[in-house]
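Student: Starting off with a structure, shown below.
The values are calculated or read from the model by the stated rules, or taken from the named source; none is laboratory data. Just so it is clear, the structure is predicted and the values come from calculations on it, not from any experiment. Cβ sites come from the backbone with ideal geometry, for glycine too, and all protein chains shown count toward neighbours.
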Amino acid sequence: MKLTILKKKYFSGLILAALFFPLSLTAQQNSCIECHRDLEDKLMAPVEAFKLDVHQKFGLNCSDCHGGNPAKEDIDSAKDKTFKGAPKRNQIPEFCASCHSNSAYMKNFNPGLRVDQLSLYWTSHHGQLLRQGDIKTAVCTDCHEAHGILASNHPKSLTFPWNIPQTCGRCHADKEYMKSYKIPTDQLENYKQSVHAGSLFEKKDLSAPVCNDCHGNHGASPPEVSSIAFVCRQCHSSTAEFFSRSPHKKAFDEMGISECEACHGNHKVLAPSDNMLGTQEGAVCVQCHEAGSEPYQLASRIKARLDEFVSKIGDVDNSLDRADRQGVDVSDPRFKLREARTSLILVRNLTHTLDLFEIEKKIEDGKRVVSEVKAEAEAALKEARFRKRGLVITTLFILLLAIAIFLKIKQIEKKSPA
Amino acid sequence: MKKFIKNASSYLDSRFKLSALLDFARKKKVPEHEYSFWYYFGGICLFLFIIQVITGILLLLYYSPSVETAYESVHFIMSQVKFGWLIRSVHSWSANILIGVIFIHMFSTFLLKAYRSPRELTWVSGFFLLLIFLAFGFSGYLLPWNTLSFFATRVGTDIAGTVPLIGKAVKAFILGGPEISDATLPRFFWLHVAILPLFTVVILGIHLVLVQTLGMSSPLGIEKAKLREFPFFPNFILKDFLGWMLIFVLIGILCVFFPWGVGQKADLFASAPVGIKPEWYFTFMFTTLKLIPSHVFLIKGEVLAILGFIVGAFLWMLVPFLDKNAAREKKSPFFTWAGLVILLYIIVVTVLTYLLPKI
């Protein structure tokens, strides 16, 4: 009885499957792709590119952006009254925003994604130029592609951190393209030499700043002189606080000099070194301060204190290296030396205050640690010498014993030859 | 004083029959020929094992066998315990030298055909001692719980896991789970300090009794009548002692100039360091597994190689019973050449592993 019921169930299932199979085929049909696949170059390109597109992965289709009815095989029926076709360049921001600014719609796919890109775009330099009728300026597709759009966390995405400098550079490093804007085109080249690029490309630190971290992305615009410091402060907050306490702050504000950029540059922010400080050739202080002036002497004093501290850390580090090479475990003092290195980082940061008293106080804290580590390094070197002495004495003793045994063997063999 | 010594020795002799032992040692002779030098490697193995026992017991005073404390305890031994660096370095260096000397002792025994009747069981017990000491090396390497030892053990146990039929079960039994975890370290520790020493005492005891009762084998082709001999006691013992002292000096030099490192604490979630490999005495097997094609006649190359090693080891153990010519005191060039080829293969592949790490 049970078997008959089961058989009936399977039979009705098969009939239903047979009835709906042609329908399922129709549902999967996409006449846009069917036709464009057979076209050439520009018209065929979207078919391949869309295979990887993030929209495709969310189940969206050509018609979701371009309208029309992909279920229809006939081209006239497919391009029905809802068909929008390809937007013109100046229509692209609004075209994308028709979904991306719709908070209710976007929540269906990516609830965390912001929906203010368009309003930000109109505040950007790019948006303002587009409003003025400049269609050479960047629109959504220039940074995100049109049909091969990848999520920004995809390493191959044009907006993935380590691709962003090159993405912006596609226009901004192109001298010919940027000719009419009369702005420099060396930003990309300069950025590549910067400490930020070093962190990004060599250390693979994705938190290292790229173009959009300072300029914004959808609302991209160059920071003005007064706001550069606020851009840097986003990451270098303590340095900025120290700088604000320094006499430089008031002077820079009065003279209209941009804060951090004045000494460190903008796109080409090189790795800072102690030689930027002081009065020797190459120091940034001498760019403004005359020899013999009070600030000039202060710079010289700060540099001297800093150099002395660095040298003390270096000496202890060398002693630890020597002990380490001689096989003595120095991991504990080496760990402690990190405290001194942390002090050094703080001292270097404190130089932005130009407060010699505060700097010396922090150097003294570090020196105390260095002294303790120095004592441990000396003890480690003493231990290395002790081990070698012990080895020599033991070896001599064992060799003497070995010689005695060897002579005894010879004596025994002489007495009773085999 | 002399009287006291005489009374004491007389007291002990009447109870332990020491004079009988001494008489046995005095009467025992050792063959003297151009290959006598190789006899001393057995004694060196014994000496190094004694060092292992003494230093191992001392390390036990401070070593703590848990994932949370193993690395820290080894670091403490190396940096804080008086002469801790020396004890651990002596333990590690002498363990490595011991494995090397065991290989020398085994191949010299093989090439001199010392395994022939009536010493078949001496060879077989020696073969088991080799396996035991390889297990000592493998289990001991993990105990400091540093990055290198952790990943080298993972490589080793992954290989064990590919053995057909029983591999996965064996691996799970060794590790206490499918992967190295908190359960693995205590297993390796007890294997290293309890189970393996117990087996060693039994099999080493059998091996030594056999060596002493059967005496040293003389090479093939030397007529017994023409064979020169010298007393085991004191001549051979003194020469053995001389060799031990030289080895001890070598260990001392290695420990002072190249103390055994502690490395970085193992991180179960970190990726394996580039070029990770097991201890040097396993590298010939490890590199063979890397060199073999993925499939040989429809069989997975890795599986074939492991089966080859298992069968090879089994045949190696049975050599005294397979080499019929040597048993009849005749030359057996096939076995000589086979031994030389195996020795050359082990040396070349081990050296290549270190010279060409990318192979």
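Student: What is the residue count in the stretch A:47-59 for residues that are surrounded by 14 or more Cβ atoms within 10 Å (Cβ to Cβ) and without any contact (Cβ under 8 Å) to a residue 24 or more places away in the chain?
Tutor: Going through the stretch A:47-59 one residue at a time, the tally reaches 2.
Student: How many residues does the stretch B:286-306 hold that are within 24 Å of B:SER139 (Cβ to Cβ) and either out of contact with any helix residue (DSSP H, G or I) (no Cβ under 6 Å at 6 or more places or on another chain) or modelled with pLDDT under 90 (or both)?
Tutor: 4
Student: Hey, among A:VAL347, A:VAL328, which residue is among the β-branched types (Val, Ile, Thr), more than 14 Å from chain B (Cβ to nearest Cβ) and at negative phi?
Tutor: A:VAL347
Student: Quick check: is even one residue across the stretch B:26-34 touching a helix residue (DSSP H, G or I) at 6+ places or on another chain (Cβ under 6 Å) and away from every other protein chain (no Cβ under 14 Å)?
Tutor: Within the stretch B:26-34 (the criterion being touching a helix residue (DSSP H, G or I) at 6+ places or on another chain (Cβ under 6 Å) and away from every other protein chain (no Cβ under 14 Å)), the answer is no, since none of the residues qualifies.
Student: So, one more: If I ask for residues that are under 24 Å from the mean Cα position of the chain (by Cα), in contact (Cβ under 8 Å) with a residue 40 or more places away in the chain and part of a loop (DSSP other than H, G, I, E, B), which ones from the stretch A:211-264 would you list?
Tutor: A:GLY216, A:ASN217, A:HIS218, A:GLY219, A:ALA220, A:SER221, A:PRO222
Student: Does A:PRO184 fit the bill of being surrounded by fewer than 16 Cβ atoms within 10 Å (Cβ to Cβ) and closer than 30 Å to A:LEU43 by Cβ?
Tutor: Taking the combined requirement at face value, the residue does not satisfy it.
Student: Continuing with this model, one more query. Output the residues belonging to the stretch A:279-333 that are modelled with pLDDT under 95 and among the basic types (Lys, Arg).
Tutor: Hit for the stretch A:279-333 is A:ARG325, nothing else.
Student: Any residue that is more than 25 Å from the chain's Cα centre (by Cα), of a type outside the set (Gly, Ala, Ser), within 26 Å of A:LYS182 (Cα to Cα) and assigned to a helix (DSSP H, G or I) - is there at least one of those in the stretch A:136-145?
Tutor: Scanning the stretch A:136-145, I find no residue that is more than 25 Å from the chain's Cα centre (by Cα), of a type outside the set (Gly, Ala, Ser), within 26 Å of A:LYS182 (Cα to Cα) and assigned to a helix (DSSP H, G or I), so the answer is no.
Student: Another question, if that's okay. Go through A:VAL286, A:VAL316 for me and flag whichever is in a helix (DSSP H, G or I) and farther than 27 Å from A:GLY366 by Cα.
Tutor: That would be A:VAL286, the only listed residue that is in a helix (DSSP H, G or I) and farther than 27 Å from A:GLY366 by Cα.
Student: Would you check if there is a residue in the stretch B:55-63 being closer than 24 Å to B:PHE236 by Cβ, part of a loop (DSSP other than H, G, I, E, B) and without any contact (Cβ under 8 Å) to a residue 24 or more places away in the chain?
Tutor: Within the stretch B:55-63, not a single residue is closer than 24 Å to B:PHE236 by Cβ, part of a loop (DSSP other than H, G, I, E, B) and without any contact (Cβ under 8 Å) to a residue 24 or more places away in the chain.
Student: Follow-up question, since we're still on this one. Going through the stretch B:66-96 one residue at a time, which ones are among the hydroxyl-bearing types (Ser, Thr, Tyr), within 11 Å of chain A (Cβ to nearest Cβ) and surrounded by 22 or more Cβ atoms within 10 Å (Cβ to Cβ)?
Tutor: B:SER89
Student: Among the residues of the stretch A:355-370, is there at least one that is within 14 Å of another protein chain (Cβ to nearest Cβ), more than 30 Å from A:PRO247 (Cβ to Cβ) and of a type outside the set (S, T, N, Q)?
Tutor: no
Student: Sticking with this one: Of these, B:ILE206, B:ILE174, which one is β-branched (Val, Ile, Thr) and surrounded by fewer than 19 Cβ atoms within 10 Å (Cβ to Cβ)?
Tutor: Checking each option against the conditions leaves just B:ILE206.
Student: Do we have A:ILE33 as among the β-branched types (Val, Ile, Thr) and exposed (fewer than 12 other Cβ atoms within 10 Å of the Cβ) here?
Tutor: So A:ILE33 fails the test.
Student: Write out, first by first residue and then by second, each pair whose Cβ atoms fall under 7 Å of each other, whose residues are 6+ apart or on separate chains, and whose first residue, in the stretch A:103-114, is assigned to a loop (DSSP other than H, G, I, E, B) and hydrophobic (A, V, I, L, M, F, W, C) while the second is modelled with pLDDT of 90 or more and surrounded by 11 or more Cβ atoms within 10 Å (Cβ to Cβ).
Tutor: Taking only residues 6 or more apart or on different chains, the pairs are A:PHE109/A:PHE58; A:LEU113/A:MET106.
Student: Within the stretch A:372-418, take every residue that is within 10 Å of another protein chain (Cβ to nearest Cβ) and acidic (Asp, Glu) and give me the one that is surrounded by the most Cβ atoms within 10 Å (Cβ to Cβ).
Tutor: A:GLU383
Student: Also, I was wondering about something else. So which of B:PRO219, B:PRO231 ends up being facing chain A (nearest Cβ under 10 Å), more than 19 Å from the chain's Cα centre (by Cα) and of a type outside the set (Gly, Ala, Ser)?
Tutor: B:PRO231
Student: Within the stretch A:331-341, can you find the residues that are free of Cβ contacts under 8 Å to residues at least 40 places away in the same chain and either within 14 Å of chain B (Cβ to nearest Cβ) or of a type outside the set (D, E, K, R) (or both)?
Tutor: Listed by number, the residues that qualify are A:SER331, A:ARG334, A:PHE335, A:LEU337, A:ALA340.
Student: Applying the selection to the stretch A:191-210, what residues are crowded, with 17+ Cβ neighbours inside 10 Å and part of a loop (DSSP other than H, G, I, E, B)?
Tutor: Result: A:SER194, A:ALA208, A:PRO209, A:VAL210.
Student: Could you say which residue among B:PHE241, B:PHE257, B:PHE248 is under 30 Å from A:ASP332 (Cα atoms) and either free of Cβ contacts under 8 Å to residues at least 12 places away in the same chain or within 9 Å of another protein chain (Cβ to nearest Cβ) (or both)?
Tutor: B:PHE257
Student: If only one of A:ALA379, A:ALA404 is modelled with pLDDT of 95 or more and not assigned by TED's automatic domain parsing to the domain that holds A:VAL330, which one is it?
Tutor: Among A:ALA379, A:ALA404, only A:ALA404 is modelled with pLDDT of 95 or more and not assigned by TED's automatic domain parsing to the domain that holds A:VAL330.
Student: Among the residues in the stretch B:97-120, are any among the small types (Gly, Ala, Ser), in contact with a helix residue (DSSP H, G or I) (Cβ under 6 Å, 6 or more places away or on another chain), surrounded by 20 or more Cβ atoms within 10 Å (Cβ to Cβ) and more than 14 Å from chain A (Cβ to nearest Cβ)?
Tutor: No, the stretch B:97-120 contains no residue that is among the small types (Gly, Ala, Ser), in contact with a helix residue (DSSP H, G or I) (Cβ under 6 Å, 6 or more places away or on another chain), surrounded by 20 or more Cβ atoms within 10 Å (Cβ to Cβ) and more than 14 Å from chain A (Cβ to nearest Cβ).
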